[in-house]
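The values are calculated or read from the model by the stated rules, or taken from the named source; none is laboratory data. Just so it is clear, the structure is predicted and the values come from calculations on it, not from any experiment. Note that we place each Cβ from the backbone using ideal geometry, even for glycine, and neighbour counts take in every protein chain shown. Side chains are part of the model used for accessible areas, which takes the heavy atoms of the whole protein and leaves out ligands, DNA and RNA. Shrake-Rupley method; radii C 1.70, N 1.55, O 1.52, S 1.80 Å.
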Amino acid sequence: MRLEDVTVDAVGVEARVSSLARRSIKAETKDAWLRLALSMVDLTTLEGKDSDGKVARLCAKALHPDPADPTLPTVAAVCVYPPFVALAKRLLARSAVRVASVATAFPSGQAPLATRLAEVTAAVADGADEIDMVIDRGAFLAGRSTKVASEIEQVKVACGAAHLKVILETGELETYDNVRRASLLAMRHGADFIKTSTGKVSPASTPGTVLVMGEALRDYVEETGRMVGMKPAGGIRDAKAALATLVIVNETLGDAWLTPTWFRFGASSLANDLLMQIAKLRTGAYGSPDAFSAS
Amino acid sequence: MRLEVRKTYKLLIGGAAVRSESGRVVPVNGPTGTHLANVPLGSRKDARDAVRAARGALPGWSGRTAYNRGQVLYRIAEVLEARSLELAGVIAHSTGTSIADATVEVAQAVESAVHYAGWTDKLHAVLGGVNPVAAPFFSFSTPEPVGVVALLAADLPSLVGLVDPLCAALAGGNTVLALVSAAHPLAGLDLGEVLTTSDVPAGVVNLIAGDHAEVAPHVASHGDVDALIDASNDALATELERRCATNITRYRRPGAPCSLEAVERTLELKTAWHPVGS
């Protein structure tokens, strides 16, 4: 289908999302899902004040999310700016935790293509397993989707073996129609993952965008047979929101996506709330955020 | 003939007048059995929401100047005084005491608020100080709020029994979630209307009506509650103290009304050692 012919029933999306939000998950299932959600977290620090020390702390947390509970899984990946890739890679070398790096002039993407490609090449050379790129939203909204498509393809080539996550920045796309169009565009031109947001724009990930992207993804996979993953990022701050998101994923995409290989949460404060809720199920008492390390 | 418009009593959580999350409501009757009002029956989830609101409000409230906290406490006294007729009526109707005695109780509540308003900027001078040490250090202690204080109000007196320990905790810079009198919750919930019109920031005081035996153990076990001031019935005390010991929550009985001691129960001393030249 031509991209401009794609439409989404926005009212239907809202209704579906609000009906799914009423699912209740308790006891053993809740514990299992909280652990699953933790294993899907891309522990993220993307701040101007990031330092080697902060990235080292983040890597330690990725390996041992709660030192008091050895039964916990590690998180899926740590997500950092390119200058910290080499350090993170070294600290996580003997683990299954992957190193993701945002690149392509994150978060705006407003840099010459050559600069953006060079950034990707450098991050991959330093050992990044995954690259999170942003699309040119200005070009996309102006209808120049060929330009966006060509840039995604070139970044994909620069990634080599590294997985490419394409950030749509749904908060700037205005409509569900555009979210679905951008999702299809990204997948058709090489995305291994589609990701909602940079986390720097509000609204970031919402249940509605997760559903629309999930449906686009399901339809694309059905049509082509090529698996694509999904990563909501920003806006999912607590365990409740994470479980609600997993419900949407389960109902839209199915079991195959309920694994860190094909589904991730991009978040900085989510991990601690997951840890607190898991501890609550174990001890029966609510804890204090003070009892967990800073993200 | 005119149909009376009755007040729907609500809890105070995070600055908002809310129904119980559980949806439960219980009728409250006067001593002669007449129905006075329906009151929300707070749940453990309401208490958790209140802890969260109190924790969120703590940096702002404890960070205010002592002088400003005194002003806010004094404002509570002003609004209590202005509504004393109404509150005395509520106390008399719900507990069966005489209007004269109820009026005295409201006056005592005003007295408490004024008393603790005066203490806010004197705590450092009275409780803190410079410590003599035999080393080249400047050592000094300052009183700090313990943080989030849970307050279990006594059944009686239903207003001043809440207002006194509440204002004592606020004076030191703590934020509070209070379980109001279980037997006579009306005056305690009416206090919420006084607080929201007294410049008390949202979340600094949270009021919950409910069965103490149901909610209080959960509050005592909550890791984000720093102190429990227990004026509730004695039957619960041992269990609450045991739970508080498990997660190092300070467990205290309330101090005497209008006393520095009452403020001290929600304070801790921070001592700093600063090197100085020989």
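Per-structure values
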quantity: Summed buried accessible area for B+A [probe radius 1.4 Å, Å², rounded to 100]; calculated: 600
quantity: GNM flexibility winner over chain B from B:SER94, B:SER84, B:SER139 (Cα, springs under 10 Å); calculated: B:SER139
quantity: Rounded FRET efficiency, nearest 0.05, which uses the C-beta distance separating A:ILE25 from A:ALA96 and R0 of 25 Å; calculated: 0.40
quantity: Full-stretch length increase - A:ALA86, A:ARG226 - with 0.36 nm per residue and alpha-carbon distance subtracted; calculated: 47.3 nm
quantity: Amide proton proximity set for B:LEU36, modelled H, under 5 Å, gap of 5+; calculated: B:VAL28, B:ASN29, B:GLY30
quantity: Amide H partners (placed H, <5 Å) of A:GLY229, local residues excluded; calculated: A:PHE193, A:ILE194
quantity: Relative contact order for chain B, counting Cα pairs under 8 Å that sit 6 or more residues apart, in percent; calculated: 24
quantity: For chain A: relative contact order, % (alpha-carbon pairs under 8 angstrom, 6 or more apart); calculated: 20
quantity: Viscosity 1.306 mPa s, 10 °C: Kirkwood-radius Stokes-Einstein D of chain B over Cα pairs, µm²/s; calculated: 83
quantity: Helix axis angle, B:44-63 relative to chain B longest principal axis, alpha carbon, degrees; calculated: 40
quantity: Cross-link reach list, lysines versus A:LYS54, counting only Cα pairs under 20 Å and skipping chain neighbours closer than eight places; calculated: A:LYS89, A:LYS200
quantity: Value at 222 nm in deg cm²/dmol, rounded to 500, when DSSP H runs of n ≥ 4 in chain A each add -39,500 (n - 2.57); calculated: -14500 deg cm²/dmol
quantity: Amide N of the stretch A:253-295 lying under 20 Å from the label point, which is placed 7 angstrom from the Cα of A:LYS54 along Cα→Cβ; calculated: A:266-273, A:290, A:292-295
quantity: 33 Å tail of the calculated P(r), the protein assembly as shown, as % of Cα pairs; calculated: 54
quantity: Sum of side-chain charges, A:GLU215 neighbourhood, beta-carbon under 15 Å (Lys, Arg +1; Asp, Glu -1); calculated: -3
quantity: Candidate lysines for bridging to A:LYS147, where Cα separation is under 20 Å - those fewer than 8 sequence places away on the same chain excluded; calculated: A:LYS156, A:LYS165, A:LYS195
quantity: Listed residues B:GLY56, A:VAL75, B:ALA216: farthest to the positive end of the dipole of the protein assembly as shown (Cβ charges); calculated: A:VAL75
quantity: C-alpha center-to-center spacing [the stretch A:204-261, the stretch B:217-262] in angstrom; calculated: 45
quantity: Stokes-Einstein D (µm²/s) once Rh is taken as the Kirkwood radius of the stretch A:3-291 over alpha-carbon pairs, at 20 °C in 1.002 mPa s; calculated: 112
quantity: Point-to-point label distance, A:SER293-B:ASN29, nm (Cα→Cβ direction, 7 Å offset); calculated: 5.9
quantity: Derived scalar couplings ³J(HN,Hα) [the stretch A:205-213; Karplus, 6.51 cos²θ - 1.76 cosθ + 1.60; whole Hz; x for Gly, Pro]; calculated: 5, 10, x, x, 5, 4, 5, 5, 5
quantity: Using θ = phi - 60° and Karplus 6.51 cos²θ - 1.76 cosθ + 1.60, couplings along the stretch A:184-190 (whole Hz; Gly, Pro as x); calculated: 4, 4, 4, 5, 5, 10, x
quantity: Partners for A:LYS30 among aspartates and glutamates (Cα-Cα distance below 15 Å; same-chain residues under 8 apart left out); calculated: A:ASP238, A:ASP273
quantity: For B:ARG250, distant residues with modelled amide H under 5 Å away; calculated: B:ALA227, B:LEU228
quantity: Residues of the stretch B:194-242 buried by at least 10 Å² on assembly (accessible area, 1.4 Å probe, chain alone as reference); calculated: B:HIS218, B:SER221, B:HIS222, B:GLY223, B:ASP224
quantity: FRET efficiency, A:THR261 to B:GLN71 (Cβ-Cβ, R0 60 Å, nearest 0.05); calculated: 0.55
quantity: Sites matching trypsin sites (Lys or Arg not before Pro) across the stretch A:187-241 that sit in DSSP coil, with at most 15 neighbouring C-beta atoms within 10 Å; calculated: A:LYS200, A:ARG226, A:ARG237
quantity: Formal net charge of residues neighbouring A:GLU119 (Cβ-Cβ distance under 15 Å; K, R +1; D, E -1); calculated: -2
quantity: Order of exposure, largest accessible area first, which applies to B:THR249, A:THR206 with probe 1.4 Å; calculated: A:THR206, B:THR249
quantity: DSSP-defined antiparallel bridges as percent of all bridges, chain B, nearest 5; calculated: 55
quantity: Restricting the stretch A:1-59 to trypsin sites (Lys or Arg not before Pro) in coil, as DSSP defines it, with at most 15 other Cβ within 10 Å; calculated: A:ARG2, A:ARG22, A:ARG23, A:LYS26, A:LYS49
quantity: Over chain B: helical MRE at 222 nm, DSSP H runs n ≥ 4 each giving -39500 (n - 2.57), nearest 500; calculated: -14000 deg cm²/dmol
quantity: Calculated FRET value between B:ARG6 and A:LYS200, using beta carbons and R₀ = 41 Å, to 0.05; calculated: 0.25
